Amino acid sequence: MTASVTPSDTIYKTVTWSSSNLSLATVSSTGVVTTLTAGTVVITATAYGGITATHSIVISTTVNSYTVTSTKTTGFSVSPLGAQTVTEGSSLTFTFTATTGYALQYAILDGIRVSPDFSNTSTATYSLSDIITDHSVTASVYVVVPTSISISGTSSVYVGSYVQLTATVLPSNALNKTVTWSVDNSSVATVSSAGLVTGIAAGTAVITATTSNGLTTTKSVVVSPV
């Protein structure tokens, strides 16, 4: 507790603290109150000349408890999961982990978006402190989509031979990394659903790889006669 002595320029600012019932609470020389059992106690601050000020404190032995419930949806897990019972004034930390193909955006407390955001991470924590009511906690995620695609592999093949092309889709944690292969001239070369190019006749064929969200990249393959 803190006592203010006026006027502010007085030289007599020393305060003596006392408790009306030492079996209920004690008070130190600096005003720190230690409660011992339930009841009502009056703390008195006495200044120079016998001037006093009092403050009543009701001490309760009942400790309230509250429920904090976390939920998960598609795209992430949370720990601890479900209803957690905590005592009044407690703290609780939740750890969110995005599943492959998803990224965390932000926590949601009692249906309201919480700042700061999770910065699109795969793992994040959210903490509640000084809990004095029931709460619900969850998170928002988004689907990670491809942002680029490239093709690697040999750019030449003989008629009747094969060459394997490989498509790399980024980011590596994109949810759908499916690639569709196509060729501009199937009389020169064909390409399988796995990127295997077969030389059919002499010439040049352009092979295209397309991601699930429509990104494309191409590679020219020269087909030479045997």
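Restricting attention to strands (runs of 3 or more DSSP E) lying wholly within the stretch 130-215, give those where 3 or more residues are open to solvent by less than 40 Å² (accessible area, probe 1.4 Å) and closer than 30 Å to VAL86 by Cβ.
135-143
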Return the total of residues in the stretch 216-226 being hydroxyl-bearing (Ser, Thr, Tyr) and open to solvent by 70 Å² or more (accessible area, probe 1.4 Å). 2
Flag for THR52 being surrounded by 11 or more Cβ atoms within 10 Å (Cβ to Cβ) and without any contact (Cβ under 8 Å) to a residue 12 or more places away in the chain: yes
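Within the stretch 216-226, which residues are part of a strand (DSSP E or B) and either of a type outside the set (S, T, N, Q) or in contact with a Gly (Cβ under 8 Å, 6 or more places away or on another chain) (or both)?
LYS219, VAL221, VAL222, VAL223, SER224
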Report the residue count in the stretch 22-46 for those that are open to solvent by 50 Å² or more (accessible area, probe 1.4 Å) and either in a strand (DSSP E or B) or hydrophobic (A, V, I, L, M, F, W, C) (or both). 7
Please verify whether TYR126 is touching a strand residue (DSSP E or B) at 6+ places or on another chain (Cβ under 6 Å), outside any loop (DSSP other than H, G, I, E, B), of a type in the set (Phe, Trp, Tyr) and closer than 30 Å to THR97 by Cα, treating the condition exactly as stated. yes
Among what's in the stretch 96-124 and is exposed (fewer than 13 other Cβ atoms within 10 Å of the Cβ) and in contact (Cβ under 8 Å) with a residue 24 or more places away in the chain, pick the residue that is farthest from LYS177 (Cα to Cα). ASP110
Residue set THR74, THR62; condition at pLDDT below 90, hydroxyl-bearing (Ser, Thr, Tyr) and open to solvent by 80 Å² or more (accessible area, probe 1.4 Å); output residue THR62
Cβ pairs under 7 Å, 6+ apart, first in the stretch 68-84 and at positive phi, second of a type in the set (Ser, Thr, Tyr) and outside any loop (DSSP other than H, G, I, E, B): GLY75/TYR102; GLY82/THR69; GLY82/SER70
List every residue pair whose Cβ atoms sit under 8 Å apart, with the two residues 6 or more apart in sequence or on different chains, where the first one lies in the stretch 157-174 and is at pLDDT 95 or above and the second, anywhere, is basic (Lys, Arg). LEU165/LYS219; VAL169/LYS177
What is the one condition in (1) open to solvent by 80 Å² or more (accessible area, probe 1.4 Å); (2) closer than 30 Å to ALA103 by Cβ that THR67 does not satisfy? (1)
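The values are calculated or read from the model by the stated rules, or taken from the named source; none is laboratory data. Note that the coordinates shown come from a computational prediction; the quantities given were computed from them, not determined experimentally. Using ideal geometry, Cβ is built from the backbone for each residue, glycine included, and neighbour counts are taken over all protein chains shown. Calculation scope for accessible area: heavy atoms of the full protein, side chains included, ligands and nucleic acids excluded. Shrake-Rupley method; radii C 1.70, N 1.55, O 1.52, S 1.80 Å.
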